[in-house]
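Take a look at the structure set out below.
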Amino acid sequence: MSQTPNIDGVLIQWGDRLFYPGNRVVRVKPQPRLGDGGMRQRADAIRKRIEATVVKRAPQVMVKVTGGGRGMLAIAAHFRYISKNGRLDIETEQGDTVRGKSAVHELGEDWRYGGSLIGDEGYRREAFNIMLSMPRGTDPLIVQRAAREFAQTELADHKYVMVLHDHQANPHVHLSVRAESMNGKRLNPRKADLQRWRETFAEKLRGYGVEAEATRQATRGRNMSHPDLWRLKAKEDGRLRKERPMSKAGEKARASRADALGAWVQIGQALARTGDAQDMKLAASIAAFIQEASATWVITRVGHHLGIGVVPSAPVVGPEVGR
């Protein structure tokens, strides 16, 4: 009879690969001891993310950099846009709320002189415009509170303003943050930063009892290519000359999906072998999830290194799941 796997170790090893890529490197090493409280806590956190992804199908947060101004003319114009020319409340990093055309103008002047001088036009980005969004049906006020806490965590020491938009299908918050911090350091968000921002926003929403996740597309078996905001606006105005593919089909995207599938298989197989009823139930959910996602997963040679020759057409986590 085969030995029951150290499920905490498996969840951490392969769960890190699924949910925290790039943050931790997965290497073959002795699995952590089951009695280690820290390891158990990490495993429990990953188990919750697995359940949220394959069972609850929790809504995914969206955090996107939509642009940014290279001078005060562009920054002030964005202030007017997100506040509907002063008709909506603007909240500052200090928690103050301003409204009206004159208040929006004064806010722009405060940004102009609140650090290195920002001229009307410039060569470098002096502000970043960020949008935080949740699907239809989410309480807009909770989205606003979570966005506020997100900004306090991730944009500390920066000037920023935020405005809630709840008049459209998806409740969302527009954030504009001054690139230069009060300590003189400049904001320069990269892909890893955006993923961390999504994680933070989802965490703040969960703090208010809202089911929210920030899982990568590859982990969810998706390969959608989301168009930039300027492309959407150009298409609406009939100015878009060339459409971009709606799915990611490059080698890097295929390899990422293959790597994610390998991790799901490893976790599912381990859960199915523990003999625990809850683990078996979760393993069955993973099997169903893999079957559903395999329609969009494209396996490359990377799959062979993970012990996966083809996309599975039947449950892959052991005979118990099929019963």
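Solvent-accessible area of region 70-126 (1.4 angstrom probe, protein heavy atoms only): carbon and sulfur portion equals 47 percent.
Remark: spin-label model distance Arg124-Thr153 equals 2.9 nm, labels positioned 7 Å along the Cα→Cβ axis. Here the contact order of region 62-102, divided by its residue count and restricted to Cα pairs under 8 Å and six or more residues apart, works out to 24 percent.
Can you tell me the order of 106-116, 156-166 when each peptide is scored by its average per-residue count of other Cβ atoms within 10 angstrom, highest first? Mind dumping the intermediate values first?
Numbers: 106-116: 15.3, 156-166: 19.2.
Going from most to least packed, we get 156-166, 106-116.
Highest average first, the peptides 59-65, 208-214, 96-102 ordered by how many other beta carbon atoms sit within 10 Å of their residues are 59-65, 208-214, 96-102.
Report note on the peptides 283-294, 40-51: ranked by the mean count of other C-beta atoms within 10 Å, highest first, their order is 283-294, 40-51.
With R₀ fixed at 51 Å, the C-beta to C-beta distance from Tyr20 to Asp89 puts the FRET efficiency at about 0.90.
Please say if region 70-194 is rounded, prolate or oblate, where rounded means a/c under 1.5 for a ≥ b ≥ c the square roots of the C-alpha gyration tensor eigenvalues, and otherwise the choice is prolate for a/b larger than b/c and oblate otherwise?
Numbers: a/c = 1.82, a/b = 1.30, b/c = 1.39.
The shape class here is oblate.
Solvent-accessible area per residue for region 61-173 at a 1.4 Å probe radius, Å²? Each step should come with its number before you reach the end.
On the way: 5470 Å² over 113 residues.
Here the residues of region 61-173 average 48 Å² of exposed surface.
For region 57-137, the normalised intensity computed at q = 0.11, 0.18, 0.20 Å⁻¹ comes to -0.35, -0.82, -0.96 (log10 of I(q)/I(0), Debye sum over alpha carbons, equal scatterers, no solvent).
The values are calculated or read from the model by the stated rules, or taken from the named source; none is laboratory data. These numbers were taken from a predicted model, which means no experiment stands behind them. Using ideal geometry, Cβ is built from the backbone for each residue, glycine included, and neighbour counts are taken over all protein chains shown. Accessible surface is based on the protein model in full, side chains and every heavy atom, while ligands, DNA and RNA are left aside. Shrake-Rupley method; radii C 1.70, N 1.55, O 1.52, S 1.80 Å.
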